[in-house]
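So the structure is just underneath, and the comments pick up after that.
We did not get these values from a lab; they are worked out from the coordinates using the rules stated. Because the structure is predicted, anything quoted here is derived from the model rather than measured. Positions of Cβ are backbone-derived with ideal geometry, glycine not excepted, and every protein chain shown enters the neighbour counts.
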Amino acid sequence: MISNRQLILPYAAPYLAYVFIASAFGDILPTAINYFLRIAVVIALLLWAKKWYFTIAGPCSLRRSILTGIGAGVLGFFVWLALLLPFVDRNTGESWEVMEFGLRLFSAGLLVPIFEELLMRGFFFRLAWQWAETKRQGLDHPLARVLDDQSIDSVPPGAWSWPAVFISTLVFTVGHQFYEWPASIVYSLLMVFLWIRQKDLLVCIVAHATTNIILGLYVFSTKSWYLW
């Protein structure tokens, strides 16, 4: 068994690398090169870490998971937009060149949903569920037990608890800008609902990707750069 403590790096590395490159080199490298670097590093890390990831598919058929994910992603776009517009400054945002926009759309639509869902709903949600179960049993040092003596691979598909919902939503939310928090909270709850309902992570990844792609295309077509 690979313990949860050993799994922290494989699950967190792509997310942390993406954020680090974006923040550390955002004012140094041209936008296109910055995104090329993010894409290359994240893909390399995902390929390196894939042997430690649990199976994202669940008991439902692949077709059902994909179609459900697309439908939920469309809904998620409207939810995100409705909860973002009241809090965003419409005087901010700069236009993107076509190549830069394409790289960002590829990144946001195909990479971010994978590593974010693996970390948020895949790792943190399952870890929090195990912690809550261990604490409920009255065992001492529940977090240490979960990190060193358990693996998220043993969590039943669709298993959930309120602590898991709260912790995973909190982590997902603080990873976004402050004005995005209302939208982030509701969107995270939508992803949790999909996990519980469909019992797989694939539907969450597809939904997340669908929302991001539609949002990017909407921003580009309407020139609403302040939304992205």
Check: Relative to the longest principal axis of the chain, what angle (0 to 90°, nearest 10) does the C-alpha long axis of helix 162-174 take?
Finding: 30 degrees
Item checked: Sorted by Cβ neighbour density within 10 Å, fewest at the top, the residues Leu45, Leu16 -> Leu16, Leu45
Item checked: Charge dipole magnitude, Cβ of K and R +1, D and E -1 - the range 1-125, Cα centre, debye nearest 20 -> 640 debye
Check: Points 7 angstrom from Cα along the Cβ direction at Ala32 and Phe87: gap in nanometres?
Finding: 3.5 nm
Next item on the list: Relative to the longest principal axis of the C-alpha atoms of the chain, give the angle of the C-alpha long axis of helix 125-136, reported between 0 and 90° and rounded to the nearest 10°.
Entry: 30 degrees
Notebook entry, point to check: In terms of the Cα gyration tensor, with a ≥ b ≥ c the square roots of its eigenvalues, is the range 115-180 rounded because a/c is under 1.5, prolate because a/b exceeds b/c, or oblate?
Noted result: prolate
Checklist line | Peptides 201-210, 1-10, 112-121, 31-40 ordered by average Cβ neighbours within 10 Å, highest first | finding: 201-210, 112-121, 31-40, 1-10
Item checked: Rel. contact order, % - alpha carbon contacts under 8 angstrom, at least six apart, the range 128-228 -> 22 percent
Note to self: Could you give each residue of the range 63-76 its phi-based ³J(HN,Hα) in whole Hz, using Karplus coefficients 6.51, -1.76, 1.60 with θ = phi - 60°, and x for Gly or Pro?
What the structure shows: 4, 5, 4, 5, 5, 5, x, 5, x, 5, x, 5, 4, x
Item checked: Cα centre as origin, Lys/Arg/Asp/Glu Cβ charges: the chain dipole, Debye -> 580 debye
Check: For the chain, modelled as a GNM with alpha-carbon contacts under 10 angstrom, which of Leu47, Leu83, Leu127 fluctuates the most?
Finding: Leu47
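Which order do Phe125, Phe25 fall in if you start with the one that has the fewest other Cβ atoms within 10 Å?
Taking fewest neighbouring Cβ atoms as first place, the list is Phe25, Phe125.
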Checklist line | In sequence order, calculated HN-Hα J values of the range 188-196 (Karplus, 6.51, -1.76, 1.60; Hz; x Gly/Pro) | finding: 4, 5, 5, 5, 5, 4, 5, 4, 5
Check: Counting only residues 5 or more places away or on other chains, whose amide H sits under 5 Å from the amide H of Gln150 once H atoms are built in the peptide plane?
Finding: Asn4
Checklist line | Relative packing of 96-104, 182-190, 136-144, which averages over residues the other C-beta atoms within 10 Å, highest first | finding: 182-190, 96-104, 136-144
Next item on the list: Beyond 20 Å, what share of the Cα-Cα pairs of the chain is found? Please give it as a whole percent.
Entry: 61 percent
Note to self: Compute the helix-to-body angle for 202-222: its Cα long axis versus the longest principal axis of the chain, expressed 0 to 90° and rounded to tens.
What the structure shows: 10 degrees
Checklist line | CD proxy at 222 nm, helix term only [per DSSP H run n ≥ 4: -39500 (n - 2.57); per residue of the chain; nearest 500] | finding: -21500 deg cm²/dmol
Check: Got the relative contact order for the chain handy, in percent, Cα pairs under 8 Å and 6 or more residues apart?
Finding: 35 percent
